[in-house]
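The block underneath contains the structure these notes are about, expressed in structure tokens.
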Amino acid sequence: MMPVYFLDAGTTWSKILKVENGKKEYSVIKTSDLKNLNLDFEIITGHSINKIKGKYENEVVALSYGVDRNELQNETVLDLGSRDAKRIKFKNSKFQDMDWNTNCASATGATVEMLLKFYNLDIKELKPTKEKYPVTCGIFGLEKIMDDISNGVDTSYAVSKFISGIAFNAYNFTKCPNKIYLSGGFCENHCFVESLKFYTEVILLGRFVLVDGLYNIYKNNMNNC
């Protein structure tokens, strides 16, 4: 049986799921390298799907299909990426509410990556802090960071305060639940995860939830044929 491929094409990083004979294989590549792949994708989602062949599915729909609704009967799922935030809420295992923020949350992940590169910092060395910048957008956050650093604040601490601000925004965006199931690349950002835990319990789902959702949609379509 030929392998089937599914793609979540993010702004910076793309997640790929290969399914062959029922076996799943996940991979992450830079989105800029997608053009070098000679793959036919069954279903695709994400921001960077220009010139990528495949049936398109909405990101929120993919997110909702990528989690176990029986397990998350009355829970909130947050997917936080490079340039947006998506949340879904289940009630009695049914889809109840959603929101998709492409303004206040825009460029969050990309901005963090840029800061780490600019200041030559390792994300693993950043320590979470309750002190935070009121970052409602990446540009204002950068201004706060540069002002503090110019006034002698430690660079790592300033970036940690920016990440703490993102965590606080994420908590409010999800309507302040007692528990958040986190999806996306921020699952691997220890500073962000621990900062979010100042406000709520955090369960990590990893960064492949959307491609799992695409596969589940594919299976449902096949079963209905």
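The values are calculated or read from the model by the stated rules, or taken from the named source; none is laboratory data. Small disclaimer: the values here were computed from a predicted structure and weren't measured. Virtual Cβ from ideal backbone geometry, glycine too; neighbours counted across all protein chains shown. For the accessible areas, the whole protein counts, side chains as well, though only heavy atoms, and no ligand, DNA or RNA atoms are used. Shrake-Rupley method; radii C 1.70, N 1.55, O 1.52, S 1.80 Å.
Bridging of LYS161 to aspartates and glutamates at a Cα separation below 19 Å is possible for GLU113, ASP122, GLU125, GLU131, GLU143, ASP147, ASP148, GLU188, GLU194, once same-chain residues fewer than 8 apart are set aside. Taking Cβ atoms as reference points and 13 Å as the exclusive limit, the residues near ASN36 contribute a net charge of +2, counting Lys and Arg as +1 and Asp and Glu as -1. Between LEU204 and LYS94, the contour length at 0.36 nm per residue exceeds the alpha carbon distance by 37.5 nm. Among the trypsin sites (Lys or Arg not before Pro) found in the range 36-103, those both in a DSSP coil and sparsely packed, with 12 or fewer other Cβ atoms within 10 Å of their Cβ, are LYS51, LYS53. Heavy-atom surface analysis with a 1.4 Å probe gives the range 78-225 a carbon and sulfur content of 51 percent of its accessible area. Bridges between two residues of the chain, per DSSP, are antiparallel at a rate of about 60%.
Around the Cα centre of the chain, unit charges on the Cβ atoms of Lys, Arg, Asp and Glu (plus for the first two, minus for the last two) sum to a dipole of about 380 debye. Hydrophobic long helices, here whole DSSP H runs in the chain with Kyte-Doolittle means of at least -1.0 and Cα atoms spread over 24 Å or more along the helix axis, are found at 155-173. With the simple spin-label model, which puts each label point 7 Å out from Cα in the Cβ direction, the ILE123 to ASN221 separation comes to 3.1 nm. Of the labelled options [x] 20.1; [y] 17.3; [z] 18.3, which one gives Kirkwood radius over Cα pairs in Å as computed for this structure? Given [x] 20.1; [y] 17.3; [z] 18.3, the calculated one carries the label [z]. Here's the picture: charge each Lys and Arg Cβ at +1 and each Asp and Glu Cβ at -1 in the range 1-115, and of VAL67, GLY22, ILE88 the one pushed furthest to the positive end of that dipole is GLY22.
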